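Student: I'd like to ask you about the structure that follows.
The values are calculated or read from the model by the stated rules, or taken from the named source; none is laboratory data. For clarity, every value in this text was computed on a predicted model and none was experimentally measured. So basically every Cβ, Gly included, is an ideal-geometry build from the backbone, and we count neighbours across all protein chains shown.
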Amino acid sequence: MKYEQFTESIEKEIEKNAAALAALSDAIADEPELAGEEYRSAQKLVSFLQKHGFAVEYPFAGSETAFRGIYGGNTHRYKIALLAEYDALPELGHACGHCLSGTASILAALALKELQDELDADIHVVGTPDEELRGYKCVMCEQGVFDGYDMASMVHMYDSNWAMPRLQALAAYIYEFRGQAAHASAAPWEGRNALNGVQLMLHAVDMLRQHTKTDAQFHAVIKNGGEAANIVPEHSSLQLFVRAADKGYLEELIRLVDDCARGAAIATQTTYERLPQKYSYYLNLRPNKTGEAALLEVFDELGLTEDVPPGAVFASSDIGNISYICPAFQPCLKIADVPIHTRGFEAVVRSEAAHEAQKTAASLLARQIVKIFSDAEKVAAMKADFNEKTSQ
(Lines give C-alpha, C1' and ligand atoms only; values in the text may rest on other atoms or scores of the structure.)
Protein backbone atom coordinates (compact mmCIF):
# COMPACT_ATOMS: atom_id res chain seq x y z
CA MET A 1 0.00 0.00 0.00
CA LYS A 2 1.32 3.45 -0.93
CA TYR A 3 1.53 6.26 1.60
CA GLU A 4 -1.32 8.12 -0.11
CA GLN A 5 -3.54 5.08 0.36
CA PHE A 6 -2.58 4.89 4.03
CA THR A 7 -3.46 8.53 4.60
CA GLU A 8 -6.74 8.21 2.74
CA SER A 9 -7.73 5.34 5.03
CA ILE A 10 -6.57 7.24 8.11
CA GLU A 11 -8.52 10.40 7.33
CA LYS A 12 -11.65 8.42 6.49
CA GLU A 13 -11.57 6.68 9.89
CA ILE A 14 -10.83 9.91 11.73
CA GLU A 15 -13.83 11.63 10.15
CA LYS A 16 -16.02 8.64 10.98
CA ASN A 17 -15.11 8.64 14.67
CA ALA A 18 -14.27 12.30 15.36
CA ALA A 19 -17.67 13.37 16.71
CA ALA A 20 -17.80 10.51 19.19
CA LEU A 21 -14.29 11.24 20.47
CA ALA A 22 -15.02 14.97 20.75
CA ALA A 23 -18.07 14.13 22.85
CA LEU A 24 -15.97 11.79 24.99
CA SER A 25 -13.37 14.52 25.53
CA ASP A 26 -16.07 16.97 26.58
CA ALA A 27 -17.55 14.42 28.98
CA ILE A 28 -14.16 13.95 30.64
CA ALA A 29 -13.64 17.72 30.79
CA ASP A 30 -17.04 18.14 32.45
CA GLU A 31 -16.07 15.75 35.25
CA PRO A 32 -12.41 16.53 35.94
CA GLU A 33 -10.60 14.11 38.25
CA LEU A 34 -7.28 14.69 39.94
CA ALA A 35 -4.11 12.69 39.34
CA GLY A 36 -4.48 9.13 40.58
CA GLU A 37 -8.24 9.52 41.05
CA GLU A 38 -9.39 9.28 37.42
CA TYR A 39 -11.94 6.52 38.05
CA ARG A 40 -14.81 7.80 35.91
CA SER A 41 -12.50 9.06 33.15
CA ALA A 42 -10.67 5.74 32.89
CA GLN A 43 -13.96 3.83 32.84
CA LYS A 44 -15.29 6.03 30.02
CA LEU A 45 -12.17 5.44 27.92
CA VAL A 46 -12.11 1.71 28.64
CA SER A 47 -15.78 1.30 27.73
CA PHE A 48 -15.25 3.18 24.48
CA LEU A 49 -12.31 0.97 23.50
CA GLN A 50 -14.23 -2.18 24.34
CA LYS A 51 -17.19 -1.07 22.20
CA HIS A 52 -14.76 -0.70 19.30
CA GLY A 53 -13.33 -4.20 19.58
CA PHE A 54 -10.31 -3.67 21.83
CA ALA A 55 -9.45 -6.19 24.51
CA VAL A 56 -8.64 -4.08 27.57
CA GLU A 57 -6.52 -4.91 30.60
CA TYR A 58 -8.05 -2.85 33.40
CA PRO A 59 -6.86 -2.15 36.04
CA PHE A 60 -3.30 -2.28 34.72
CA ALA A 61 0.28 -1.94 35.95
CA GLY A 62 -0.70 -1.74 39.60
CA SER A 63 -3.03 1.24 39.17
CA GLU A 64 -6.81 1.20 39.42
CA THR A 65 -7.00 3.95 36.79
CA ALA A 66 -4.46 2.65 34.26
CA PHE A 67 -5.34 0.41 31.31
CA ARG A 68 -4.02 -1.11 28.10
CA GLY A 69 -6.17 -1.74 25.05
CA ILE A 70 -5.11 -4.16 22.30
CA TYR A 71 -6.89 -4.70 19.00
CA GLY A 72 -6.63 -8.08 17.27
CA GLY A 73 -4.35 -11.01 17.96
CA ASN A 74 -1.30 -9.01 19.05
CA THR A 75 0.92 -11.17 16.82
CA HIS A 76 2.65 -8.59 14.63
CA ARG A 77 6.38 -7.91 14.53
CA TYR A 78 6.30 -4.39 15.94
CA LYS A 79 4.56 -2.98 19.02
CA ILE A 80 3.52 0.68 19.20
CA ALA A 81 2.08 2.40 22.29
CA LEU A 82 -0.29 5.32 21.86
CA LEU A 83 -0.35 7.00 25.26
CA ALA A 84 -3.55 8.40 26.75
CA GLU A 85 -3.54 10.92 29.61
CA TYR A 86 -6.74 11.98 31.37
CA ASP A 87 -5.95 13.51 34.77
CA ALA A 88 -6.92 17.07 35.66
CA LEU A 89 -5.43 19.89 37.72
CA PRO A 90 -6.58 21.04 41.17
CA GLU A 91 -9.04 23.94 40.83
CA LEU A 92 -8.29 24.32 37.09
CA GLY A 93 -9.82 21.13 35.67
CA HIS A 94 -8.47 20.12 32.25
CA ALA A 95 -6.34 23.23 31.84
CA CYS A 96 -3.58 20.98 30.50
CA GLY A 97 -5.82 19.53 27.78
CA HIS A 98 -5.47 15.89 28.79
CA CYS A 99 -9.12 15.28 27.96
CA LEU A 100 -8.22 16.08 24.34
CA SER A 101 -4.82 14.41 24.11
CA GLY A 102 -6.03 11.14 25.63
CA THR A 103 -8.98 10.87 23.28
CA ALA A 104 -6.81 11.92 20.32
CA SER A 105 -4.63 8.87 20.93
CA ILE A 106 -7.73 6.68 20.82
CA LEU A 107 -8.89 8.39 17.63
CA ALA A 108 -5.48 7.61 16.09
CA ALA A 109 -5.72 3.99 17.24
CA LEU A 110 -9.10 3.63 15.54
CA ALA A 111 -7.62 5.07 12.35
CA LEU A 112 -4.78 2.51 12.43
CA LYS A 113 -6.41 -0.66 13.72
CA GLU A 114 -7.28 -2.02 10.29
CA LEU A 115 -3.79 -1.19 8.95
CA GLN A 116 -1.93 -3.39 11.44
CA ASP A 117 -1.32 -6.17 8.91
CA GLU A 118 0.04 -3.73 6.33
CA LEU A 119 2.41 -2.22 8.91
CA ASP A 120 3.15 -5.52 10.66
CA ALA A 121 2.58 -3.56 13.84
CA ASP A 122 0.23 -3.92 16.80
CA ILE A 123 -1.26 -0.63 17.98
CA HIS A 124 -1.81 -0.52 21.74
CA VAL A 125 -3.57 2.24 23.66
CA VAL A 126 -1.90 2.62 27.06
CA GLY A 127 -3.83 4.66 29.61
CA THR A 128 -1.26 6.52 31.70
CA PRO A 129 -2.85 8.26 34.69
CA ASP A 130 -1.38 10.59 37.28
CA GLU A 131 0.89 12.68 35.05
CA GLU A 132 0.32 15.94 36.87
CA LEU A 133 1.33 14.82 40.36
CA ARG A 134 3.51 11.71 40.53
CA GLY A 135 4.19 10.73 36.93
CA TYR A 136 2.85 7.18 36.72
CA LYS A 137 4.70 6.52 33.46
CA CYS A 138 7.84 6.40 35.63
CA VAL A 139 6.30 3.54 37.61
CA MET A 140 5.31 1.77 34.41
CA CYS A 141 8.90 2.11 33.18
CA GLU A 142 10.20 0.57 36.39
CA GLN A 143 7.74 -2.29 35.97
CA GLY A 144 8.96 -2.98 32.43
CA VAL A 145 5.66 -2.06 30.76
CA PHE A 146 7.41 -0.39 27.81
CA ASP A 147 10.32 -2.81 27.43
CA GLY A 148 8.81 -4.58 24.42
CA TYR A 149 7.72 -1.51 22.47
CA ASP A 150 9.32 -0.20 19.30
CA MET A 151 7.82 3.27 19.71
CA ALA A 152 5.56 5.29 22.02
CA SER A 153 3.83 8.56 21.23
CA MET A 154 1.13 11.04 22.14
CA VAL A 155 0.25 14.65 21.38
CA HIS A 156 0.12 17.40 24.01
CA MET A 157 -2.25 20.31 23.51
CA TYR A 158 -0.52 23.66 23.82
CA ASP A 159 -0.49 27.30 22.75
CA SER A 160 2.06 26.62 19.97
CA ASN A 161 2.92 23.98 17.39
CA TRP A 162 6.08 22.07 18.22
CA ALA A 163 7.28 18.84 16.63
CA MET A 164 9.88 17.78 19.21
CA PRO A 165 9.49 19.81 22.40
CA ARG A 166 12.44 20.13 24.74
CA LEU A 167 11.68 18.46 28.05
CA GLN A 168 14.01 18.90 30.99
CA ALA A 169 15.13 16.17 33.33
CA LEU A 170 13.81 16.75 36.85
CA ALA A 171 14.54 15.44 40.33
CA ALA A 172 12.37 16.33 43.32
CA TYR A 173 13.62 15.85 46.87
CA ILE A 174 12.84 16.76 50.45
CA TYR A 175 15.90 17.70 52.50
CA GLU A 176 14.99 17.00 56.12
CA PHE A 177 17.12 18.83 58.70
CA ARG A 178 17.17 17.74 62.35
CA GLY A 179 18.53 19.71 65.25
CA GLN A 180 17.77 20.07 68.95
CA ALA A 181 14.99 22.05 70.59
CA ALA A 182 15.77 24.52 73.34
CA HIS A 183 14.36 27.69 74.86
CA ALA A 184 15.36 30.42 72.45
CA SER A 185 16.00 32.93 75.26
CA ALA A 186 16.79 30.96 78.43
CA ALA A 187 19.21 28.45 76.90
CA PRO A 188 19.79 29.02 73.16
CA TRP A 189 23.25 27.43 73.46
CA GLU A 190 21.51 24.12 74.09
CA GLY A 191 19.73 24.32 70.73
CA ARG A 192 20.66 23.26 67.22
CA ASN A 193 18.52 25.19 64.75
CA ALA A 194 17.20 23.00 61.92
CA LEU A 195 15.58 26.01 60.25
CA ASN A 196 18.98 27.70 60.10
CA GLY A 197 20.29 24.59 58.34
CA VAL A 198 17.52 24.81 55.74
CA GLN A 199 18.04 28.56 55.28
CA LEU A 200 21.76 28.16 54.84
CA MET A 201 21.27 25.35 52.33
CA LEU A 202 18.85 27.50 50.33
CA HIS A 203 21.34 30.39 50.31
CA ALA A 204 24.07 27.98 49.16
CA VAL A 205 21.88 26.74 46.29
CA ASP A 206 21.16 30.35 45.31
CA MET A 207 24.92 30.97 45.13
CA LEU A 208 25.46 27.71 43.26
CA ARG A 209 23.08 28.78 40.48
CA GLN A 210 25.50 31.59 39.52
CA HIS A 211 27.96 28.96 38.30
CA THR A 212 25.72 26.43 36.58
CA LYS A 213 24.83 26.07 32.91
CA THR A 214 21.91 28.02 31.52
CA ASP A 215 19.63 24.97 31.45
CA ALA A 216 19.97 24.40 35.23
CA GLN A 217 16.96 25.40 37.34
CA PHE A 218 16.25 25.19 41.06
CA HIS A 219 12.83 25.71 42.69
CA ALA A 220 12.40 25.43 46.46
CA VAL A 221 10.02 26.11 49.35
CA ILE A 222 10.65 25.77 53.07
CA LYS A 223 8.41 23.38 55.00
CA ASN A 224 8.08 23.00 58.80
CA GLY A 225 9.71 26.26 59.80
CA GLY A 226 9.16 25.77 63.53
CA GLU A 227 6.45 25.68 66.18
CA ALA A 228 6.94 28.92 68.10
CA ALA A 229 9.34 31.85 68.04
CA ASN A 230 10.70 31.05 71.53
CA ILE A 231 11.58 27.45 70.66
CA VAL A 232 14.66 26.61 68.62
CA PRO A 233 13.28 24.61 65.66
CA GLU A 234 14.41 20.98 65.91
CA HIS A 235 12.95 19.98 62.53
CA SER A 236 12.68 21.80 59.22
CA SER A 237 12.70 20.74 55.60
CA LEU A 238 13.32 22.06 52.11
CA GLN A 239 11.27 20.86 49.16
CA LEU A 240 13.54 21.21 46.14
CA PHE A 241 13.14 20.65 42.41
CA VAL A 242 16.29 20.43 40.29
CA ARG A 243 16.03 20.58 36.48
CA ALA A 244 18.55 20.19 33.67
CA ALA A 245 18.56 19.61 29.93
CA ASP A 246 19.71 16.00 30.27
CA LYS A 247 20.11 13.16 32.73
CA GLY A 248 23.89 13.43 32.98
CA TYR A 249 23.96 17.09 34.01
CA LEU A 250 21.01 16.55 36.36
CA GLU A 251 23.03 13.96 38.26
CA GLU A 252 25.95 16.41 38.54
CA LEU A 253 23.61 19.12 39.88
CA ILE A 254 22.19 16.73 42.49
CA ARG A 255 25.76 16.04 43.70
CA LEU A 256 26.41 19.78 44.01
CA VAL A 257 23.13 20.37 45.84
CA ASP A 258 24.01 17.57 48.25
CA ASP A 259 27.25 19.43 48.97
CA CYS A 260 25.18 22.51 49.83
CA ALA A 261 23.12 20.45 52.27
CA ARG A 262 26.21 18.86 53.80
CA GLY A 263 27.92 22.22 54.28
CA ALA A 264 24.82 23.77 55.82
CA ALA A 265 24.47 20.89 58.27
CA ILE A 266 28.13 21.21 59.33
CA ALA A 267 27.85 24.97 59.78
CA THR A 268 24.70 24.72 61.93
CA GLN A 269 25.64 21.52 63.79
CA THR A 270 22.52 19.80 62.49
CA THR A 271 21.96 16.64 60.48
CA TYR A 272 20.13 16.18 57.21
CA GLU A 273 18.60 13.40 55.13
CA ARG A 274 17.64 13.57 51.46
CA LEU A 275 14.30 11.92 50.79
CA PRO A 276 13.03 11.34 47.24
CA GLN A 277 9.47 12.33 46.51
CA LYS A 278 7.35 9.53 45.14
CA TYR A 279 7.75 9.03 41.36
CA SER A 280 9.63 12.29 40.99
CA TYR A 281 12.67 11.55 38.85
CA TYR A 282 11.74 12.64 35.33
CA LEU A 283 14.20 12.25 32.50
CA ASN A 284 14.60 14.52 29.49
CA LEU A 285 12.93 13.56 26.22
CA ARG A 286 15.69 12.01 24.14
CA PRO A 287 15.91 13.27 20.56
CA ASN A 288 15.42 10.95 17.61
CA LYS A 289 16.38 12.34 14.18
CA THR A 290 14.39 9.87 12.11
CA GLY A 291 11.22 10.21 14.16
CA GLU A 292 11.47 13.98 14.23
CA ALA A 293 12.01 14.14 10.46
CA ALA A 294 8.84 12.11 9.96
CA LEU A 295 6.94 14.46 12.28
CA LEU A 296 8.15 17.52 10.39
CA GLU A 297 7.04 15.96 7.10
CA VAL A 298 3.59 15.41 8.57
CA PHE A 299 3.56 18.97 9.89
CA ASP A 300 4.04 20.13 6.29
CA GLU A 301 1.32 17.82 5.02
CA LEU A 302 -1.16 19.13 7.58
CA GLY A 303 -0.21 22.78 7.07
CA LEU A 304 1.27 23.14 10.55
CA THR A 305 4.12 25.57 11.24
CA GLU A 306 6.33 25.40 14.30
CA ASP A 307 6.02 28.69 16.17
CA VAL A 308 8.09 28.33 19.35
CA PRO A 309 10.98 30.71 20.07
CA PRO A 310 14.56 29.38 19.91
CA GLY A 311 15.68 27.82 23.16
CA ALA A 312 12.13 27.30 24.46
CA VAL A 313 11.54 24.64 27.12
CA PHE A 314 8.36 22.63 27.70
CA ALA A 315 9.30 21.95 31.37
CA SER A 316 9.25 18.28 32.45
CA SER A 317 7.04 15.23 31.96
CA ASP A 318 7.18 11.52 32.66
CA ILE A 319 7.23 10.63 28.94
CA GLY A 320 10.94 11.43 29.09
CA ASN A 321 11.48 8.23 31.06
CA ILE A 322 9.88 6.20 28.28
CA SER A 323 12.29 7.74 25.76
CA TYR A 324 15.15 5.93 27.52
CA ILE A 325 13.39 2.59 26.89
CA CYS A 326 12.13 3.05 23.33
CA PRO A 327 11.82 5.94 20.84
CA ALA A 328 9.18 8.28 22.26
CA PHE A 329 7.51 11.39 20.87
CA GLN A 330 5.23 14.11 22.23
CA PRO A 331 4.57 16.80 19.60
CA CYS A 332 2.53 19.80 20.72
CA LEU A 333 -0.48 21.26 18.92
CA LYS A 334 -1.92 24.72 19.36
CA ILE A 335 -5.59 25.03 20.28
CA ALA A 336 -5.57 28.71 21.30
CA ASP A 337 -3.31 31.67 22.09
CA VAL A 338 -3.66 30.88 25.78
CA PRO A 339 -0.98 29.30 28.02
CA ILE A 340 -1.62 25.87 29.48
CA HIS A 341 -2.40 25.51 33.19
CA THR A 342 -4.62 28.59 33.13
CA ARG A 343 -8.36 29.07 33.43
CA GLY A 344 -8.32 30.49 29.92
CA PHE A 345 -6.94 27.24 28.50
CA GLU A 346 -9.52 25.18 30.38
CA ALA A 347 -12.23 27.36 28.88
CA VAL A 348 -11.28 26.41 25.31
CA VAL A 349 -10.86 22.62 25.60
CA ARG A 350 -14.52 22.12 24.58
CA SER A 351 -14.36 24.57 21.67
CA GLU A 352 -14.68 23.79 17.98
CA ALA A 353 -11.01 24.71 17.56
CA ALA A 354 -10.08 22.17 20.22
CA HIS A 355 -12.13 19.46 18.51
CA GLU A 356 -10.40 20.24 15.23
CA ALA A 357 -7.04 20.00 17.00
CA GLN A 358 -8.08 16.61 18.33
CA LYS A 359 -8.58 15.40 14.75
CA THR A 360 -5.29 16.95 13.67
CA ALA A 361 -3.51 15.29 16.58
CA ALA A 362 -4.89 11.89 15.61
CA SER A 363 -3.80 12.40 12.01
CA LEU A 364 -0.35 13.52 13.14
CA LEU A 365 0.13 10.42 15.28
CA ALA A 366 -1.20 8.00 12.68
CA ARG A 367 0.74 9.51 9.76
CA GLN A 368 4.04 9.50 11.65
CA ILE A 369 3.54 5.83 12.52
CA VAL A 370 2.71 4.96 8.90
CA LYS A 371 5.70 6.90 7.56
CA ILE A 372 8.06 4.95 9.77
CA PHE A 373 6.57 1.47 9.96
CA SER A 374 5.72 1.16 6.26
CA ASP A 375 9.44 1.53 5.54
CA ALA A 376 11.85 -1.01 7.04
CA GLU A 377 14.79 1.34 6.47
CA LYS A 378 13.12 4.06 8.53
CA VAL A 379 12.38 1.63 11.33
CA ALA A 380 16.04 0.63 11.36
CA ALA A 381 17.16 4.27 11.26
CA MET A 382 14.85 5.21 14.14
CA LYS A 383 16.25 2.36 16.22
CA ALA A 384 19.81 3.33 15.30
CA ASP A 385 19.08 6.90 16.46
CA PHE A 386 17.75 5.53 19.72
CA ASN A 387 20.82 3.36 20.27
CA GLU A 388 23.27 6.20 19.65
CA LYS A 389 25.32 7.23 22.67
CA THR A 390 23.97 10.73 23.02
CA SER A 391 24.28 13.03 26.00
CA GLN A 392 22.05 11.46 28.63
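Student: Within the group Y58, Y71, which residue is within 16 Å of L112 (Cα to Cα), among the aromatic types (F, W, Y) and touching a helix residue (DSSP H, G or I) at 6+ places or on another chain (Cβ under 9 Å)?
Tutor: Exactly one residue qualifies, and that residue is Y71.
Student: Next up: Among the residues of region 3-24, is any in contact with a Leu (Cβ under 6 Å, 6 or more places away or on another chain) and part of a loop (DSSP other than H, G, I, E, B)?
Tutor: Looking for residues that are in contact with a Leu (Cβ under 6 Å, 6 or more places away or on another chain) and part of a loop (DSSP other than H, G, I, E, B), one finds none in region 3-24, hence no.
Student: In contact with an Asp or Glu (Cβ under 6 Å, 6 or more places away or on another chain) and surrounded by 24 or more Cβ atoms within 10 Å (Cβ to Cβ): is that true of G127 in this structure?
Tutor: Criteria not met by G127.
Student: To continue, here is another question. List the strands (runs of 3 or more DSSP E) inside region 51-95, counting only whole elements, that have at least 2 residues being in contact with a His (Cβ under 9 Å, 6 or more places away or on another chain) and either at pLDDT 95 or above or surrounded by 15 or more Cβ atoms within 10 Å (Cβ to Cβ) (or both).
Tutor: Per the criteria, 67-71, 78-84.
Student: I need the full set of residues from region 297-313 which are farther than 8 Å from N161 by Cβ and part of a helix (DSSP H, G or I), in order please.
Tutor: E297, V298, D300, E301
Student: Something else: Check off (1) more than 13 Å from the chain's Cα centre (by Cα); (2) under 16 Å from I340 (Cβ atoms) for M157 and give me the number that stays unchecked.
Tutor: Looking at each condition in turn, M157 falls short on (1).
Student: Something else about it: Considering only residues that are in contact (Cβ under 8 Å) with a residue 60 or more places away in the chain and closer than 22 Å to I325 by Cβ, which ones fall in region 69-97?
Tutor: Y78, K79, I80, A81, L82, L83, A84, E85
Student: Can M157 be described as closer than 29 Å to N284 by Cα and either without any contact (Cβ under 8 Å) to a residue 24 or more places away in the chain or surrounded by fewer than 23 Cβ atoms within 10 Å (Cβ to Cβ) (or both)?
Tutor: No, not satisfied.
Student: Next question. With the requirement that a residue be of a type outside the set (G, A, S), assigned to a strand (DSSP E or B) and within 19 Å of L107 (Cβ to Cβ), what does region 153-168 give you?
Tutor: H156, M157, Y158
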